[in-house]
Amino acid sequence: MNVERLYEEIVRDLERRADAEKAKKEMRYHKKVGAGFKAYGLSATEFYELARKHQGPFKQLCFHERAELARNFFRSGYGGQMSFGVILLKLSVEEMKPEDFAVLEVAGDCLNNWGTVDGFCIDVLQPLLFAYPKEVLEILNKWNKADSLWKRRASVVVFTRKVGESGRFTDEALKLCNNLIWDREDYVRKGVGWALKDNMRGNKQKVLQFVKELRRKRVSAVITLYAIRDIHGKERNEILSKTPI
């Protein structure tokens, strides 16, 4: 299958369904922090219809063809195209080996909005972290110090949901979260809070003690209040009453 032809076909499909007014609103929403972000203004329903249409052709591609097509989508800067990139890499995680991780770096360099970051982390990086922890953690440690706020967010959002609940990576999650507790970007702080909340499900006492220390240090409430969303009643009140340093 000709990858370039398939890419052009999908772009035409996106452009035919584009809504200029909705796209303007979406781009205004992302203007502050989403440098280079572009949108088509498609609804979620319209996008999923397109995704279902192209699922068959995607499955017929070999890994290297999917990776090439995904790189094209990520480099476009369009949220809709990058979502297709995530779909392609999700289809490929069982075939992907550490020597193929260059495509992850390409995707990381192109991240420009929280939706793509979260989908990429949950659908692609999480299964790869379980399969190749050493190699994926090397990438996350590098992204944790990156200038890109989206790479920094990704470096902790990877530890949400199944990863956090597993309790397997609590120490690594706390280390990377701790590096970002004073981050100025709201999207990064929210990512830290989310990672802490979900890791508390896998290792409650360790993470809870960490969050209590953050309260004492006057770390942003964006982080600490998000982290304790699952905690209620007396236990929550006790955490909130911690005297700041």
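The values are calculated or read from the model by the stated rules, or taken from the named source; none is laboratory data. If you're wondering where the values come from, they're calculated on a predicted model, not measured in any experiment. Note that each Cβ is placed from the backbone with ideal geometry, even for glycine, and that neighbours are counted across all protein chains shown.
Please verify whether segment 104-120 includes one or more residues that are surrounded by fewer than 18 Cβ atoms within 10 Å (Cβ to Cβ), over 25 Å from Lys190 (Cα atoms) and over 12 Å from the mean Cα position of the chain (by Cα).
no
Does Phe101 satisfy being farther than 30 Å from Asp171 by Cα and either surrounded by 15 or more Cβ atoms within 10 Å (Cβ to Cβ) or of a type in the set (A, V, I, L, M) (or both)?
no
Condition check ((1) in the same structural domain as Cys110 (by TED's automatic domain parsing); (2) crowded, with 22+ Cβ neighbours inside 10 Å; (3) basic (Lys, Arg); (4) touching a strand residue (DSSP E or B) at 6+ places or on another chain (Cβ under 9 Å)) across all residues:
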| site | (1), (2), (3), (4) |
| --- | --- |
| Asn178 | no, no, no, no |
| Arg189 | no, yes, yes, no |
| Val192 | no, yes, no, no |
| Gly202 | no, no, no, no |
| Leu208 | no, no, no, no |
| Ala227 | no, yes, no, no |
| His232 | no, no, no, no |
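Checking the conditions here, which among Asp183, Asp198 is of a type in the set (Asp, Glu), farther than 30 Å from Cys62 by Cα, surrounded by 18 or more Cβ atoms within 10 Å (Cβ to Cβ) and in contact with a Phe, Trp or Tyr (Cβ under 8 Å, 6 or more places away or on another chain)?
Asp198
Which of the residues belonging to segment 133-155 are small (Gly, Ala, Ser) and either outside any loop (DSSP other than H, G, I, E, B) or buried (at least 23 other Cβ atoms within 10 Å of the Cβ) (or both)?
Across segment 133-155, the qualifying residues are Ala154, Ser155.
Which of the residues spanning segment 25-50 are surrounded by fewer than 16 Cβ atoms within 10 Å (Cβ to Cβ) and either more than 22 Å from Trp150 (Cβ to Cβ) or not assigned by TED's automatic domain parsing to the domain that holds Glu95 (or both)?
Those that are surrounded by fewer than 16 Cβ atoms within 10 Å (Cβ to Cβ) and either more than 22 Å from Trp150 (Cβ to Cβ) or not assigned by TED's automatic domain parsing to the domain that holds Glu95 (or both): Ser43, Thr45, Tyr48, Glu49.
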